[in-house]
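Shown next, in structure tokens, is the structure this report addresses.
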């Protein structure tokens with residue numbers, strides 16, 4: 001269904017816009033839950049009309065509060081980009097948004113730029129390495145973030161849009177056995193690529209790299 005012609009300057013006077021727009025949002029009975037945009041998404045929800053791209057959460061704010069947020073950001077309390085629940089949205093400046101990210105542990109300490117937020121690939125690697133049994137304190141130091149941020153990442157309270165890591169069937173026990181590590185060390189000596197070993201043993205590349213560099217499993221001897 002095509003969207004009506006919309007712009008945030010005339011949106012509040014367009015009688016057809018609210019009906020069309022809210023039909024694209026998964027509105028739940030619980031106002032505390034996220035209401036996610038069901039249309040096109042990149043990271044945020046959005047749609048295009050007359051060669052203009054609109055962000056769904058900005059439109060949601062304008063429609064619900066009857067305010068044109070021109071010149072300001074519409075920020076998420078829930079840190080869920082496709083969410084259009086007006087109760088999860090607030091107006092702010094770039095500084096407000098950065099301070100909100102810092103309070104939630106989503107940017108590097110002592111850095112004021114949004115570009116310092118961890119990349120999705122880094123977050124997924126952190127989740128997988130924790131699932132593989134690596135210590136959160138060590139990972140926090142390596143990625144120059146707080147331990148609290150690592151905890152939030154693993155709990156799924158931030159970066160909610162990312163898939164969860166593989167979970168070991170052994171629960172909190174290490175996935176690899178001493179025999180596995182011996183085999184890995186043998187294959188590394190034989191020149192097998194780290195990525196291929198990671199896939200074969202269902203662990204992260206960093207786990208294989210740490211074995212290779214003697215960071216972990218140092219007590220397991222190589223095959224004679």
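Nothing in this text is a laboratory measurement; each read-out follows from the coordinates by a stated rule. Values in this document were obtained by computation on a predicted structure and should not be read as measured data. No Cβ is skipped: glycine too gets one built from the backbone with ideal geometry, and neighbour counts run over all protein chains shown.
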Problem - residue 213-residue 122 FRET efficiency (beta carbon distance; Förster radius 25 Å; 0.05 resolution) - result: 0.80
Problem - Along each principal axis, Cα extent of the stretch 11-92, largest first, Å - result: 32, 25, 25
Practice task
Please give the contour-minus-distance gain from residue 95 to residue 179: 0.36 nm per residue of separation, less the Cα-Cα distance, rounded to one decimal in nm.
Solution key: 25.0 nm
Exercise for the section: Just order 144-150, 202-208, 176-182 by mean Cβ neighbour count inside 10 Å, highest at the front, would you? Expected result: 202-208, 144-150, 176-182
